[in-house]
1. Have a look at 351, 314, 330 and report the one farthest towards the positive end of the charge dipole of segment 245-381, computed about the Cα centre with Cβ charges (Lys/Arg +1, Asp/Glu -1).
2. For segment 183-296, what mean projected area does the convex hull of the alpha carbons give, in nm²?
3. Can you run phi through the Karplus equation (6.51, -1.76, 1.60; θ = phi - 60°) for segment 10-17 and list ³J(HN,Hα) in whole Hz, with x for Gly and Pro?
4. Run through every distinct alpha carbon pair of the chain and return the Kirkwood hydrodynamic radius in angstroms, one decimal place.
5. State to the nearest 20 debye the size of the charge dipole of segment 1-82 about its Cα centre, where the only charges are +1 on K and R beta carbons and -1 on D and E beta carbons.
6. Please give the Cα centre distance for segment 250-287 versus segment 357-383, rounded to the nearest Å.
7. Dividing the convex hull volume of the Cα atoms of segment 294-362 by its residue count, what figure in Å³ per residue is obtained?
8. Based only on Cα atoms, what mean projected area does the convex hull of segment 318-410 have, in nm²?
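Read-outs: derived from the displayed coordinates by stated rules, not from any lab. What you see is a predicted model, and the numbers here were worked out from it, not measured in a lab. Heads up, the Cβs are rebuilt from the backbone with ideal geometry, glycines too, and the neighbour counts pull from every protein chain shown.
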Amino acid sequence: MTEDLSFPSTRTDALARLKSFLPKVPAYAGCRNEVVPGHPHVSRLSPALRVRLIREVEVAEAAQDAYGASSEKFQQEVWWRLYWKGWLEQRPTIWADYRRDLTTISQADRVRAERTVTGASGVDLIDYFFRELEVTGYLHNHSRMWVAAYWIHELRLPWQLGAEHFLKSLWDGDAASNTLSWRWVAGLHTKGKSYLARRSNLEKFVDPGLLAKHSGGLDRLETPEAYPVSYIEAPPPRGLSGATPATASDLVSRLRSLTDWGLWIHDEDLSVERSILGCLKPLSIRAYQPVVMTEKFTAGAAKYSFLLQAIFDGLDRAGTHFQAPANFIPTAISPAVLADWARQDRLKHLVALHPFVGPLADLLPSLEAALARVSCELILVRRDEDVRAMLPANGGFFGFWEKTKGLREPTV
């Protein structure tokens with residue numbers, strides 16, 4: 001693996017990456033699908049977006065300001081992340097079902113899956129993509145689709161195992177985008193639609209030099225057939241908890257009068273100072289190891305290093321902005337550690353930006369209960385921009401795109 005990929009792990013670097021990529025935005029629609037070593041045709045901002053060193057609306061607004069309508073395709077790809085988040089936020093049972101299904105998979109399938117990800121897929125290019133994922137923590141979106149399609153429809157492996165491997169390995173691994181994309185490829189997201197990895201498609205979009213080096217086994221992709229799935233209609237959208245602007249405004253008004261609260265910073269949103277909470281004054285600020293380092297979601301050393309650098313950057317910015325003690329605690333987040341913080345600093349409230357459906361949100365009930373036992377309230381605040389973007393994610397993407405048009409129009 002010779003690609004020299006880099007991903008910004010600070011807000012300053014993310015803004016610099018965005019600035020350097022913007023001149024490529026007008027050509028993005030025509031070349032974004034090309035899988036080329038180094039991935040020069042895509043921004044590679046997704047890991048920074050995943051932890052919110054930079055926010056989706058910032059990236060889209062920069063493209064709109066620079067190129068207007070000619071940046072639409074690039075903006076759409078950024079907004080897919082908000083769409084997936086909003087769709088899953090309103091249907092959290094999809095995530096719960098996926099996590100439950102992982103516990104029912106046979107040992108035989110787990111052994112086959114392990115062989116596949118370590119270079120025995122039967123297609124050299126798929127093996128290359130798995131090595132690329134291991135070495136760089138990244139895959140081009142087209143490569144992700146091909147790998148998922150081959151995994152599900154040719155190897156007939158459970159999609160949940162593939163999704164789990166991606167979530168652990170991808171630096172931009174996001175519960176919503178990852179889970180729902182795998183379900184879409186399998187044919188579970190949209191009735192009657194699945195995605196197949198076809199030899200002709202790979203030969204069209206993969207760099208010729210890369211293809212020539214890894215051409216073995218492509219015949220297995222000549223005439224792919226979709227693996228039949230039992231489609232179950234998704235539950236209706238239920239809205240977002242704590243999802244009205246008035247709710248956030250009321251909370252902020254209440255917190256202005258309090259002096260006994262702490263700010264908890266987590267790796268799902270590391271730009272807290274650029275939120276409605278930015279006008280407040282916490283007593284103390286803390287961050288902990290990312291939840292992916294817990295036993296259930298063990299990630300590799302490189303991903304861990306990236307996440308830590310991002311957390312340190314977010315914590316430093318928060319400490320400077322809020323002028324409050326900001327400390328990183330080198331242990332995984334848990335009910336006990338939050339309760340200890342509340343006791344030590346005599347806090348009556350812990351405040352955080354609302355985590356999205358996924359591993360961290362799974363912990364919220366236990367965190368809230370532990371804090372209640374030490375007479376501390378957990379207060380979660382959603383960004384207004386998230387609420388406005390995610391509530392319309394109750395159908396297909398292009399309907400969502402039209403419904404959210406007003407959010408992308410320049411203000412006068």
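1. 351
2. Values: hull surface 54.3 nm².
Hull-based average projected area comes out at 13.6 nm².
3. 9, 5, 4, 5, 5, 5, 5, 4
4. Details: mean 1/r = 0.0446 Å⁻¹.
For the chain, inverting the mean 1/r across all distinct Cα pairs yields 22.4 Å.
5. On the way: 11 positive and 10 negative charges, 35 e Å.
Here segment 1-82 has a charge dipole of around 160 debye.
6. 15 Å
7. Working: hull volume 8.0 nm³, N = 69.
Taking only Cα atoms, segment 294-362 has a hull volume of 116 Å³ per residue.
8. Numbers: hull surface 33.9 nm².
For the Cα atoms of segment 318-410, the hull's average projected area reads 8.5 nm².
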